[in-house]
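First comes the structure, then the notes that go with it.
The values are calculated or read from the model by the stated rules, or taken from the named source; none is laboratory data. Keep in mind that this is a model prediction, so the values were computed, not measured. Virtual Cβ from ideal backbone geometry, glycine too; neighbours counted across all protein chains shown. Ligands, DNA and RNA are excluded from the accessible area calculation, which covers all protein heavy atoms including side chains. Shrake-Rupley method; radii C 1.70, N 1.55, O 1.52, S 1.80 Å.
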Amino acid sequence: MTSSRTNPEGPTDPAGLTGSAAWELLLPAASAPARARGRSLQAALREAVRSGRLAPDTRLPSSRDLAADLGVSRGLVTEAYEQLTAEGYLRSGRGAGTWVGGAVRAAPPRARDLAPRSPGARADFVPGTPDLSLFPRAAWASAQRGVLAESPHEMLGYPDPRGLPRLRTALAELLARRRGVVADPERLVVVSGVAQATTLLGFVLHARGTRTVGVEDPGSPQHGALYASAGVGTVPLPLDEEGIAIGPLRASGVGAVVTTPAHQFPTGIAYSARRRAQLLDWARSVDGLLFEDDYDGDFRYDRAPVGALQGLDPEHVAYAGSVSKSLAPGLRLGWLLVPESLADEVVERKRTMDLGHPTLDQALFARFLERGDYDRQLRRCQRAYRQRRDALVDALEEHFPGARVTGIAAGLHVIAELPEKYGPQEDFLERAASAGVAVRPLSAYAHARVHDAVVRLVLGYAHLSPGRIRAGVGLMADAVRP
């Protein structure tokens, strides 16, 4: 192949590669600093083969011609050819030239983003998402600067798998003060949200011989998949007006149960004092474990906060929470407080799982707690979410007269049972979806498929402004008007 400087088009070789094509692919590498030019040329050739721009069985220019095209030494090109031939990207034969090998498969064009996204509905009442615009960017940035300035170099090493002592101490104080738990920093484990806490417990229970765990029905759809990943199955346990029904629990034979007693998801009920006592009696009688998922324990509006179940019997209750609703789920930051009998096994499983949570994130959150920033954030969120809850209740009363709204005293969602004239439920959901309203029925969280004649909706509101809430309920009402 002749130099593209004397023939701008360049001759075409048997495989169709032109001098100008080679020039375009490799010219940036040829312009690299002299000491890095060889590595840059190899990297550019390697990427061209990986990406498919140089297809298998493409014949490459001779080292002499390519060197002339690029304005580099022939030895540099020869070394690059030899290195990539040794790696399997190229192949060559005596007197037969250099060709692109057939072992490489083209890489995908770009990384996909599989993060859950809003369906793009005109009105989205699907629960589970806080208002991410409330994230305290200025206070968080200030805490981050402070941590980077004050942290010793040693903190950047592998941490205690339980978490930094500073953070565990601050968390223990917070949880004892706000949620009434018995919080020993030695039994607190910093985790990547409640999902990791659930999986950690699943692995430990499985290692102890547990093969099934009881879950609330209806309840969070995530528990089944999380426990399954640890080799543990789930048994649905029905609810009554006080919480998990004790009769079915005793008959199930399970040794561990997942509960959301402060504000059951999704029904919104708070477990009664009698039912809490019965659950603890069951756990003591079978030496079982209650796993308390306090997913929205900080958000109470019209009543005093209901203390955590763990405070009544810390040896039979494991307690988990996170900042997913108070700050942002993308922080992947939570905590797990375990009975002393499980602590060593949970910590060892955490160690083998990820060697501990990122230390800078832990130190940042510890500082955020110590300076009172987290309490201020909770108060800010509580004011905003109370206002949105009130807007939703008012809009439902206006557009769906006679609707029964429950679960409003706490949390980030309500249950709305609409008058019979709006049923059957499947028709209601189809018409709402056609109008661009994303909404989920209560039956979507049941373990068995339910055909509900009465419309019962789980309406999340935290991520919506009061104006969008009112407009969304109005849009839904127009779409399903009898």
For the chain, whose charge dipole is built from +1 on Lys and Arg Cβ atoms and -1 on Asp and Glu Cβ atoms, the candidate among Leu429, Thr98, Ala68 with its Cα farthest towards the positive end is Ala68
Given the candidates Ala343, Leu364, Tyr445, the one whose Cα lies deepest towards the positive end of the charge dipole of region 340-451, counting +1 at each Lys or Arg C-beta and -1 at each Asp or Glu C-beta, is Leu364
Only bridges with both residues in region 152-251 count here: give the DSSP antiparallel percent, nearest 5.
25 percent
Which distance in nm do the two modelled labels at Ala32 and Ser73 give, with both placed 7 Å along the Cα-to-Cβ direction?
1.6 nm
Alpha-carbon spread of region 138-282, three principal axes, descending order, Å:
56, 32, 27
Ranked output for segments 196-206, 147-157 by mean other Cβ atoms within 10 Å, highest leading, reads 196-206, 147-157
Under 5 Å between amide hydrogens, which residues at least 5 positions from Arg440 or on another chain qualify, with H placed 1.01 Å from N in the peptide plane?
Val458
For region 106-233, what is the accessible area per residue in Å² when the probe is 1.4 Å?
52 Å²
Would you report the distance distribution of C-alpha pairs in the chain as whole percents per 10 angstrom bin, up to the bin with the largest distance?
4, 16, 20, 17, 13, 12, 11, 6, 1, 0
With Rg from the Cα atoms and Rh as the Kirkwood inverse mean 1/r over Cα pairs, region 411-476 has an Rg/Rh of 0.96
Low-density loop cleavage sites - trypsin sites (Lys or Arg not before Pro) in region 92-195, where at most 10 other Cβ are within 10 Å (DSSP):
Arg94, Arg105, Arg110, Arg112, Arg117
Expected vector for region 181-193, Karplus 3J(HN,Hα) from phi with 6.51, -1.76, 1.60 and θ = phi - 60°, integer Hz, x for Gly and Pro, equals 7, 8, 10, 8, x, 6, 10, 9, 10, 7, 10, 8, x
Dipole of region 203-331, Cα-centred, from +1 at each Lys and Arg C-beta and -1 at each Asp and Glu C-beta, to the nearest 20 debye?
200 debye
In nm, to one decimal, how far is the Ala149 label point from the Ser341 one, both placed 7 Å along Cα→Cβ?
4.9 nm
Can you give me the long-range amide H partners of Asp217? Hydrogens built in the peptide plane at 1.01 Å from N, cutoff under 5 Å, separation of 5 or more residues or another chain.
Leu237, Leu239
Kindly provide the helix-only [θ] at 222 nm of the chain, computed as the sum of -39,500 (n - 2.57) over DSSP H runs of four or more divided by all residues, to the nearest 500 deg cm²/dmol?
-13000 deg cm²/dmol
Amide proton proximity set for Ala256, modelled H, under 5 Å, gap of 5+
Gly214, Leu289
Rounded to whole Å and ordered largest first, report the semi-axes of the equivalent ellipsoid of region 227-383 derived from its Cα gyration tensor (root of 5λ).
28, 22, 13
Need the C-alpha centroid separation for region 436-481 versus region 372-414, integer Å.
15 Å
I need the phi-derived Karplus couplings for region 307-312: 6.51 cos²θ - 1.76 cosθ + 1.60, θ = phi - 60°, integer Hz, Gly and Pro marked x.
x, 5, 4, 4, x, 7
Show me, for region 155-162, the HN-Hα J-couplings you get by feeding each phi into the Karplus relation (A = 6.51, B = -1.76, C = 1.60, θ = phi - 60°), rounded to Hz, glycine and proline as x.
5, 7, x, 5, x, 4, x, 6
Go through 125-131, 262-268 and give me the packing order, highest mean Cβ count within 10 Å leading.
262-268, 125-131
Calculate, in nm to one decimal, what Ala273 and Ser252 gain on full extension: separation in residues at 0.36 nm each, minus their alpha carbon distance.
5.3 nm
Region 35-98 - Rg (one decimal) and Dmax (whole number), Cα, Å
11.1, 31
